[in-house]
1. Gain in length, LEU15 to ALA76, computed as 0.36 nm per residue apart minus the alpha-carbon separation, to one decimal in nm?
2. Over the range 87-152, calculate the relative contact order: mean separation of alpha carbon pairs under 8 Å at least 6 apart, over the residue count, as a percent.
3. VAL7 to ALA105: extension gain in nm, 0.36 nm per residue of separation minus the Cα-Cα distance?
4. Could you sort the peptides 12-21, 92-101 by per-residue average Cβ neighbour count (10 Å cutoff), highest mean leading?
5. What distance in nm lies between label points placed 7 Å from Cα along the C-beta direction at ILE92 and ARG133?
6. Calculate I(q)/I(0) for the range 87-152 by the Debye formula, one identical point scatterer on each C-alpha and no solvent, and give its log10 at q = 0.12 Å⁻¹ to two decimals.
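Bear in mind these aren't lab numbers, they're just calculated from the coordinates by the rules spelled out. All values derive from a computational prediction rather than experimental measurement. Here the Cβ positions follow ideal geometry from the backbone for every residue, glycine too, while neighbour counts run over all protein chains shown.
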Amino acid sequence: MLFGQSVFQSVLERLKAEDETDEDAEARAAHRVPGLATGLAFDVMEGVSAASQRVGQAYFDNLDLDPAAAIAEEPAAAPPPEPVMPDHLARIAPEEIAAELAIAAADTQQTLSEKRRAFAKANHPDGVAEPFRDNANRRMMIANLLIDEAMRRLPHS
């Protein structure tokens, strides 16, 4: 025991004292913005801030820039090109997907799992552009069904 208190009680007292000092520090700095080392500067004339009179220009009041040049219209960026569907996403027939997977009678649970991961890496719907997600989803469903069926047919040991 420390000074007639258990270790637990002394830790609680110390934490309580630290909380009180933190609250005092917060009360003194209540007018400050946390993380802002300097005060805020506003142009105030006759009780009305300049920013409230020119809403669109408020940002530029404290900058050394020519506001007209900053607002000047930039040429419109060219729209992004349309995505092109990869050739493998067009193959959605079960026979074509089975040929890609190349499931053989000699495959083990481990090799089938590796084939599933490799196929998912190349075909997962989250990895393709939005217009092609339906095809990718269909390919993944068919591949999973084929691999699950092959795993079901494996001899149990």
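1. 16.1 nm
2. With pairs under 8 Å counted, the relative contact order is 46 percent.
3. Values: separation 98, 0.36 × 98 = 35.28 nm, distance 6.76 nm.
In short, 28.5 nm is gained.
4. So the peptides 12-21, 92-101, ranked by packing, come out 92-101, 12-21.
5. 1.5
6. Values returned for q = 0.12 Å⁻¹ are -0.28.
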